[in-house]
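The values are calculated or read from the model by the stated rules, or taken from the named source; none is laboratory data. Quantities reported herein were computed from a predicted structural model and do not represent experimental measurements. No Cβ is skipped: glycine too gets one built from the backbone with ideal geometry, and neighbour counts run over all protein chains shown. In case anyone asks, the SASA skips ligands and DNA or RNA and just uses the protein heavy atoms, side chains included. Shrake-Rupley method; radii C 1.70, N 1.55, O 1.52, S 1.80 Å.
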Amino acid sequence: MREELEGRRTSDTGYAIPQNAPWKNESVEFIKIFFTDLNGRLRALTVNPEFMDQIAEKGIGFDGSSIAGITTVDDSDRLLLPVPESYRVLEFNSDRIGFCIARILNLMGGRSLSDPRAVLERTLERAMAEFGVRFQVAPEHEFFLLKSDDFTKNIHSDKAGYFHSDPHDKGGFVRNQIIRTLKKCGIRHEKTHHEVTASQHEINLEHTDAISAADRTLLFNYVAERVAAEEGMHMTLMPKPFDGQNRNAFHLHISMWDQDGVNLFHDVQDEHRLSGQARQFIAGILKYARQTSIIMASTYNSYKAYVAEREAPMVVGWGIKNRSSMVRLPHCTSPESTRLELRSPDPSGNVYLQMAALIEMGLQGLREGTACGPPDMGSVYRSLRECRVWDERFLPRSMYEALVEAERSDFLRNLLGESIYNHYLCLKIASWEEHRTHVTPRELGNYLSC
C-alpha cells in the first residue's frame, strides 16, 4: 500500500516516510520494532535509534524461517520496514522505549506474501475501492492477571467477580497502571473493570480506524504483559485456563462509514435503528462464520470455551442486546454509536487476520445482498438440547471441525491469499495433531486401570 502524502519522501522500498520522523522528536535508548507471526504471537527486534532513519528507508533484515508461518529455510531472508504512523514512546518503571509496528517485505522491497498485516490492508483497500466505505473498530481487551506462569491450584491473584471493587479486586492497580502507560503515549481508554472470573480483567479503548485498532492491539498486549510483570504478576491471553469458568474473549465492535462521515449501519426508520446494509453485513458474517472459525478461535484451547451459559457464542446467529448471540447489536445512544459486536473471537488469534475476516465477511454480505433474517429471541443456549456431533447451525465446537470447514473454504483461501492460507493451515493442522496425540493426565486417570 503506497502512500502519496504531501510533505513526505519515498523510501528505497517504495513506502513514504515523514520528513520529520516521529522518532526524531523523542530521546529513547532503544526502539522496538514489532510484528506478529502467523499465529498472532508478538515478535520484536530492538534497534539503535541512531539507525532508525536508515531502517525506515531500506528496512532491516531478519530470519523469516525462524518465525512461525513467515517463510521456509531455503528462502529465509525478509525485511522489517517500520510504519512511522504507529510510533509511540512507552514509559515503564525501569526504562523508556520507542514502539513501532513493522511491515514485512521481501528482499526486492515488495510486500511479503506471508505478512498478516497486508491481508488487512488489502481488505480495507477493497472496501474503499468497491464500496467507498471505511470502518471504525473497538476491541474489548480481556486478560487474566495470575501469580505466575507456572500453573498451580494457587495461581489466582484474587477471588473477585464481575465489577467487584478493591480490596477484592487485587489486579485493579495493574489495570490502572496499564491505562496510565497507554495514556502517556496518546491512547485513551473508555472503561475498565474486573470481569466475571477470578483474576480476570477487561480494558476497553476508544474506537479508531481498523488498521490502527489492530496495531494498537499489539501495543496493548505488550504494555499489559510488561506492566503486569513489573508488578509481580503474569498476564495471559489464554482463552480458557480454568474449567467451569468464563473465557478470555476478544469482542470486536465495528461500524461502517461513507466518505462523508455518515454511519451506514444506522437507519432512523428501522425498528432497531439498523440499516439494510447492516443487515446484509450481518448476513455475510453469519454465512461465513464457520469457514473463518479457525481465524477467530485459533487454538485447540479456544474451543473449550464454547460452553453453554458462559457468554461464549455457540450458535450462528445475531441478536438485539443478546449476549448469547454470536453477533450482537449493543444498546446505542446515537446514530454515530450504532455498531455491531462480533463475540466469537478470542485474543489468542492473529488480530490482523481476525479483523480482515470480519470485514471481508461483511463485504461479501453486501455483494450477495441477502438480509440476515430475524434476530435471536431469548437465550440461544436452549437449542443445545437438539445438537448433534456435526451441526452447521452452531459454530465449530472443536479445532478439528474448524479445520475441516477451513479446508473446504474458497472464501478463506481468497481472503488470505494462497501463501498465508497454506502456511496457516499447516500450522494449525500440526497443532491439532500434537493435541490429538498427546496423552493427558485425565486419560491416565480414567483408563490406566482398565
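So residue 110 ticks every box in (1) surrounded by fewer than 18 Cβ atoms within 10 Å (Cβ to Cβ); (2) farther than 25 Å from residue 39 by Cα but one. Which box is left unticked?
Looking at each condition in turn, residue 110 falls short on (2).
Would you check if there is a residue in region 2-23 being among the hydrophobic types (A, V, I, L, M, F, W, C) and either under 29 Å from residue 232 (Cα atoms) or at pLDDT 95 or above (or both)?
There is no residue in region 2-23 that is among the hydrophobic types (A, V, I, L, M, F, W, C) and either under 29 Å from residue 232 (Cα atoms) or at pLDDT 95 or above (or both).
So, in region 132-164, of the ones that are surrounded by fewer than 16 Cβ atoms within 10 Å (Cβ to Cβ) and among the hydrophobic types (A, V, I, L, M, F, W, C), which residue ends up modelled with the lowest pLDDT?
163
What are the residues in region 25-62 that are hydroxyl-bearing (Ser, Thr, Tyr), open to solvent by 50 Å² or more (accessible area, probe 1.4 Å) and closer than 24 Å to residue 214 by Cα, if any?
46, the sole residue that qualifies.
Within region 220-232, track down each residue that is of a type outside the set (Phe, Trp, Tyr) and either touching a His at 6+ places or on another chain (Cβ under 9 Å) or buried (at least 22 other Cβ atoms within 10 Å of the Cβ) (or both). Working first, answer last.
Let us first name the residues in region 220-232 that are of a type outside the set (Phe, Trp, Tyr), namely 221, 223-232.
Matches in region 220-232: 221, 223, 224, 225, 227, 228.
What number of residues within region 199-247 satisfy the criterion of being without any contact (Cβ under 8 Å) to a residue 60 or more places away in the chain and assigned to a strand (DSSP E or B)?
Here the count works out to 2.
For region 431-450, what are the residues that are within 30 Å of residue 118 (Cβ to Cβ) and either open to solvent by 90 Å² or more (accessible area, probe 1.4 Å) or under 22 Å from the mean Cα position of the chain (by Cα) (or both)?
Of everything in region 431-450, those that are within 30 Å of residue 118 (Cβ to Cβ) and either open to solvent by 90 Å² or more (accessible area, probe 1.4 Å) or under 22 Å from the mean Cα position of the chain (by Cα) (or both) turn out to be 431, 432, 434.
Whether any residue in region 25-46 is farther than 22 Å from residue 431 by Cα and in a helix (DSSP H, G or I) is what I want to check.
no
Which ones in region 313-340 are among the hydroxyl-bearing types (Ser, Thr, Tyr) and farther than 13 Å from residue 377 by Cβ?
333, 334, 337, 338
Every residue in region 320-342 that is farther than 29 Å from residue 260 by Cα, in contact with a Ser or Thr (Cβ under 8 Å, 6 or more places away or on another chain) and modelled with pLDDT of 85 or more, please.
326
Can you tell me how many residues in region 248-287 are of a type in the set (A, V, I, L, M), open to solvent by less than 40 Å² (accessible area, probe 1.4 Å) and in a loop (DSSP other than H, G, I, E, B)?
Of all residues in region 248-287, those of a type in the set (A, V, I, L, M) come to 249, 252, 254, 256, 262, 264, 268, 274, 278, 282-283, 285-286.
Filter once more, keeping what is open to solvent by less than 40 Å² (accessible area, probe 1.4 Å): 249, 252, 254, 256, 264, 274, 278, 282-283, 285-286.
Within this subset, residues satisfying the condition of being in a loop (DSSP other than H, G, I, E, B) are 249, 264.
Of the residues in region 248-287, 2 are of a type in the set (A, V, I, L, M), open to solvent by less than 40 Å² (accessible area, probe 1.4 Å) and in a loop (DSSP other than H, G, I, E, B).
So in region 334-350, with the set limited to residues that are closer than 23 Å to residue 143 by Cβ and small (Gly, Ala, Ser), which one is farthest from the chain's Cα centre (by Cα)?
Top of the filtered list is 344.
Residue 194: surrounded by 13 or more Cβ atoms within 10 Å (Cβ to Cβ) and either acidic (Asp, Glu) or closer than 21 Å to residue 349 by Cβ (or both), yes or no?
No, not satisfied.
Pick out the one residue from 312, 308, 297 that is modelled with pLDDT under 95, small (Gly, Ala, Ser), closer than 27 Å to residue 399 by Cβ and surrounded by 22 or more Cβ atoms within 10 Å (Cβ to Cβ).
312
Do any strands (runs of 3 or more DSSP E) lying entirely in region 66-155 carry at least 2 residues that are of a type outside the set (Asp, Glu), touching a strand residue (DSSP E or B) at 6+ places or on another chain (Cβ under 9 Å) and closer than 25 Å to residue 343 by Cα, and which ones are they?
Output list reads 133-146.
Starting from residues that are buried (at least 22 other Cβ atoms within 10 Å of the Cβ) and not hydrophobic (A, V, I, L, M, F, W, C), keep the ones in region 198-219 and report whichever is farthest from residue 176 (Cα to Cα).
Taking the candidates together, the pick is 215.
Got at least one residue in region 236-245 being of a type outside the set (A, V, I, L, M) and within 26 Å of residue 121 (Cα to Cα)?
Within region 236-245, none of the residues are of a type outside the set (A, V, I, L, M) and within 26 Å of residue 121 (Cα to Cα).
Taking residue 99 as the residue in question, decide whether it is closer than 15 Å to residue 33 by Cβ, open to solvent by less than 80 Å² (accessible area, probe 1.4 Å) and either of a type in the set (Phe, Trp, Tyr) or without any contact (Cβ under 8 Å) to a residue 24 or more places away in the chain (or both).
So residue 99 passes the test.
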